[in-house]
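*Asks:* Input: one structure, supplied below.
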Amino acid sequence: MREVDFNTYKLLFETKSVSKSAIPKSVLKSDIFQNLLRAEILESLKLGRGFKIIVTKENEFEKFFKTSFPEQNVSKSKSGNIKKYRNSKATKIDSNPIFLLRGFNPVQINNQRVNIKKQTLDFGLFSVIPRSIIADKICFVENLETFLNAEKLLGNKYLYLHKYGRIGKESISMIRAKEVLVFVDFDFNGLDEYLRIKEVFTNAELYLPSNYNELFDKHSASLKGNKAKMSIPVKNSKDSIVIQIREQVARTNRFLEQEILINV
């Protein structure tokens with residue numbers, strides 16, 4: 001089950017009676033809830049203009065609740081979700097951000113000087129759970145293949161960063177740099193990532209090649225699935241480059257993948 005199920009059944013367990021309008025529709029329509037009604041463990045009673053859900057068989061409901069949610073005080077982790085909800089994906093978990101790094105200039109990571117050039121040349125990349133990263137110039141790269149080849153396009157001056165999973169503001173708050181470049185797919189998701197990074201680094205710039213329109217005309221692909229959804233920050237952005245790209249993508253229903261820039 002999910003956190004919303006737990007909160008609903010916990011309230012019923014503690015109060016024995018809850019207004020039906022206070023119960024989320026996803027819980028009301030669930031097979032589990034409907035089975036509790038059929039078994040008359042719960043009952044829907046009319047009260048004035050509305051209805052109340054009442055626990056009618058307290059012992060049976062207590063058994064159901066303790067079986068469904070066997071442990072309460074657990075860590076916010078996949079194992080904790082399994083213990084509490086019997087579902088590893090029930091709630092957002094606390095996790096350490098993992099960054100992949102490539103670079104050719106001095107960098108300080110977790111208060112230690114790291115020879116990132118040697119790591120890059122010898123092993124291809126350096127991975128870290130960062131407490132702090134300090135570099136003169138950094139470049140966030142959205143996709144892994146592009147990250148592994150970004151210096152072919154942008155040179156050796158940047159420390160290239162690629163995060164395992166979605167970039168959040170908290171996950172990059174420990175990074176310090178004089179210059180910040182953001183290299184993403186030229187679509188709604190890429191623009192959304194750029195705007196999230198720009199909330200932390202107000203000096204961040206979005207990389208846009210000089211021949212962008214030519215590349216778009218020649219190599220753009222159709223938008224599908226999640227890539228076709230425009231976030232509210234992208235929709236409301238006044239950034240001139242964001243406006244240019246979002247309007248072109250919305251008008252054509254096509255986008256340009258960043259990988260093409262290192263393979264032209």
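*Asks:* Take segment 194-251 and flag every residue that is basic (Lys, Arg) and open to solvent by less than 40 Å² (accessible area, probe 1.4 Å).
*Replies:* Step one: filter segment 194-251 for residues basic (Lys, Arg), giving 196, 198, 218, 224, 227, 229, 235, 238, 246, 251.
The answer is ARG196, ARG246.
*Asks:* Among the listed residues PHE140, PHE104, which satisfies the condition of being modelled with pLDDT of 95 or more and part of a loop (DSSP other than H, G, I, E, B)?
*Replies:* PHE104
*Asks:* Counting just the residues of segment 173-205 that are among the aliphatic types (A, V, I, L, M) and in a loop (DSSP other than H, G, I, E, B), which one comes out nearest to PHE216 (Cα to Cα)?
*Replies:* Pass one, segment 173-205, residues among the aliphatic types (A, V, I, L, M): 174-175, 177, 180-182, 184, 191, 195, 197, 200, 204.
Pick out the ones that are also in a loop (DSSP other than H, G, I, E, B) and you get 174, 184, 204.
Values: MET174: 35, VAL184: 14, ALA204: 23 Å.
Applying the filter and picking the extreme gives VAL184.
*Asks:* Could you please let me know if SER95 is modelled with pLDDT under 90 and either in contact with a Pro (Cβ under 9 Å, 6 or more places away or on another chain) or in a strand (DSSP E or B) (or both)? Explain how you work it out, then say what you get.
*Replies:* On the way: modelled with pLDDT under 90: yes; either in contact with a Pro (Cβ under 9 Å, 6 or more places away or on another chain) or in a strand (DSSP E or B) (or both): no.
No: the conditions fail for SER95.
*Asks:* Could you list all residues from segment 121-132 that are touching a residue at least 12 places away in the same chain (Cβ under 8 Å), outside any loop (DSSP other than H, G, I, E, B) and either open to solvent by 60 Å² or more (accessible area, probe 1.4 Å) or in contact with a helix residue (DSSP H, G or I) (Cβ under 9 Å, 6 or more places away or on another chain) (or both)?
*Replies:* So in segment 121-132, the residues touching a residue at least 12 places away in the same chain (Cβ under 8 Å) come out as 124-132.
Checking the rest, the ones that are also outside any loop (DSSP other than H, G, I, E, B) come to 126-128.
Within segment 121-132, PHE126, SER127 qualify.
*Asks:* Further, regarding this structure: When PHE216 is evaluated against the numbered criteria (1) more than 28 Å from LYS178 (Cα to Cα); (2) in contact with an Asp or Glu (Cβ under 9 Å, 6 or more places away or on another chain); (3) assigned to a helix (DSSP H, G or I), which criterion, by number, is the only one it fails?
*Replies:* (2)
*Asks:* Which residues, counting only those in segment 133-160, are among the polar types (S, T, N, Q) and buried (at least 18 other Cβ atoms within 10 Å of the Cβ)?
*Replies:* Correct list: THR146 only.
*Asks:* Here's another thing I want to ask about it. Return the only residue of SER19, SER30, SER79 being at pLDDT 90 or above and surrounded by fewer than 12 Cβ atoms within 10 Å (Cβ to Cβ). Reasoning before the result, please.
*Replies:* Details: SER30 fails: surrounded by fewer than 12 Cβ atoms within 10 Å (Cβ to Cβ); SER79 fails: at pLDDT 90 or above.
Checking each option against the conditions leaves just SER19.
*Asks:* Name the pairs: first residue in segment 1-25 and closer than 16 Å to LYS63 by Cα and assigned to a helix (DSSP H, G or I), second residue open to solvent by 60 Å² or more (accessible area, probe 1.4 Å) and charged (D, E, K, R), Cβ to Cβ under 8 Å, at least 6 apart or on different chains?
*Replies:* The qualifying pairs are PHE13/GLU62.
*Asks:* Quick one: in segment 57-76, of everything that is of a type in the set (S, T, N, Q) and modelled with pLDDT under 90, which residue is surrounded by the fewest Cβ atoms within 10 Å (Cβ to Cβ)? Full working, then the answer.
*Replies:* Within segment 57-76, the subset of a type in the set (S, T, N, Q) is 59, 67-68, 72-73, 75.
With the extra rule that they be modelled with pLDDT under 90, the set shrinks to 67-68, 72-73, 75.
Numbers: THR67: 9, SER68: 15, GLN72: 10, ASN73: 7, SER75: 12.
Here the answer is ASN73.
*Asks:* For segment 143-172, which positions are assigned to a helix (DSSP H, G or I), of a type in the set (A, V, I, L, M, F, W, C) and closer than 18 Å to PRO106 by Cα?
*Replies:* Here is the first cut: in segment 143-172, the residues assigned to a helix (DSSP H, G or I) are 144-147, 151-154, 170-172.
Applying the additional criterion that residues be of a type in the set (A, V, I, L, M, F, W, C) yields 144, 147, 153-154, 172.
Correct list: LEU154 only.
*Asks:* Pairs please, first residue from segment 43-70 and over 17 Å from THR15 (Cβ atoms) and small (Gly, Ala, Ser), second anywhere and assigned to a loop (DSSP other than H, G, I, E, B) and open to solvent by less than 80 Å² (accessible area, probe 1.4 Å), Cβ atoms under 9 Å, 6+ apart in sequence or on different chains.
*Replies:* If the second residue must be assigned to a loop (DSSP other than H, G, I, E, B) and open to solvent by less than 80 Å² (accessible area, probe 1.4 Å), the pairs left are SER68/MET1.
The values are calculated or read from the model by the stated rules, or taken from the named source; none is laboratory data. All of these numbers come straight from a predicted model, not from anything done at the bench. Here the Cβ is made from the backbone with ideal geometry for all residues, glycine too, and neighbour counts use every protein chain on show. Ligands, DNA and RNA are stripped out before the accessible areas are found, and what is left, the full protein with its side chains, is counted by its heavy atoms. Shrake-Rupley method; radii C 1.70, N 1.55, O 1.52, S 1.80 Å.
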